[in-house]
Amino acid sequence: MKLPIKVNDLKGKVAVVTGAGGVLCSAFAKALAKAGAKVALLDRNKENAQKYADEIVANGGVARAYTANVLEKDSLKECHKQVLAELGKCDILINGAGGNNPMATTDKEYYEAGDLDADIKSFFDLDESGVSFVFNLNFLGTLLPTQEFARDMLGRKGCSVLNISSMNAYTPLTKIPAYSGAKAAVSNFTQWLAVHFSKVGIRVNAIAPGFFSTKQNAKLLWNDDGTPTARTGKILAATPMGRFGETEELIGSVLFLLSDEAAGFITGVVLPIDGGFSAYSGV
């Protein structure tokens, strides 16, 4: 991996990345390792993270994979003990675990007369457990790891937390009310935490990716035969750059925000990386 920007102050730091078995966060982990950080890749399924840790090590980096459930304090505590023993105190935390759930997603964008009796999942059919799962995974899945790993950062220089918000934190997207609300909570929490930790040297920021085609949103963007859905057409029409983002296009912003040399006076920021989606009024 070729880094898009050069950062000198990440070398030797311990970076903890949750959700590291996924496409985006594994790329963040690889970039941090390339910049010289020692990376702990956390995932509920260790095998998912292990393959990326192995790739980092094969390329000369330092990385370990760990099992961790971001919704269970005991799991995080045990993982933290292992990270401390093998890599050292956490300097950087990327809260990357998150996602949606079909039970918290409506079938249609708009409610219309007759939908209550139709064979579809409307707003009135959203499953409470599905909605709760989405809020917990995205919000508590950010709060709980921060409670555990930010303890290492207290009173130390150059430490920071990076959360993963979303475009739908600004304006909620149709069909996914729980995910939109949960990501709005992550953005709000990022600002709150930045103020809360401002006196002890911990910077807290977030990125808000626009539309990137990943496994998580594949069903919304692509038909079973691989053709784009109508929703994909709407997304691209509302994105001035007219395309989906590439994972590599997030790396520069991640490294910038995590570098104290580059962004030492930046905290409480939620940075859109969206091809202009959030700036476009539609006309």
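Every number in this text was worked out from the coordinates using simple rules, so none of it is lab data. Every value quoted in this text rests on a predicted model; they were computed, and no experiment measured them. Every residue, glycine among them, receives a Cβ derived from its backbone with ideal geometry; neighbour counts consider all protein chains shown.
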task = Could you work out the Kirkwood radius for the chain, taking every pair of different alpha carbons, averaging 1/r and inverting it, reported in Å?
result = 19.5
inquiry  = Could you work out the percent of alpha carbon pairs in segment 73-180 separated by over 16 Å, rounded to a whole number?
reply    = 66
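Tell me, T142, T174 in order of fewest to most beta-carbon neighbours within 10 Å? Before the final figure, lay out each step's value.
Numbers: T142 29, T174 14.
Lowest to highest Cβ neighbour count: T174, T142.
Provide the gained length on full extension for the span A262 to K199, in nm with one decimal, where the gain is 0.36 nm per separating residue minus the Cα-Cα distance. Working shown, then result.
Values: separation 63, 0.36 × 63 = 22.68 nm, distance 1.96 nm.
That works out to 20.7 nm of additional length.
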ask   = What's the exposure ranking of D117, D225, going from fewest to most Cβ atoms within 10 Å?
value = D225, D117
task = Kindly list the residues of segment 153-193 that lie in the label zone of K219, defined by a backbone N under 20 Å from the point 7 Å along the Cα-to-C-beta vector.
result = 168, 173-183
message = Please return the longest range in the chain lying between exposed loop sites, taking trypsin sites (Lys or Arg not before Pro), DSSP loop only, at most 14 other beta-carbon atoms within 10 Å, and leaving the sites out.
response = 12-107
note = Put in order of increasing Cβ neighbours within 10 Å, starting from the fewest, L87, L140 give L140, L87
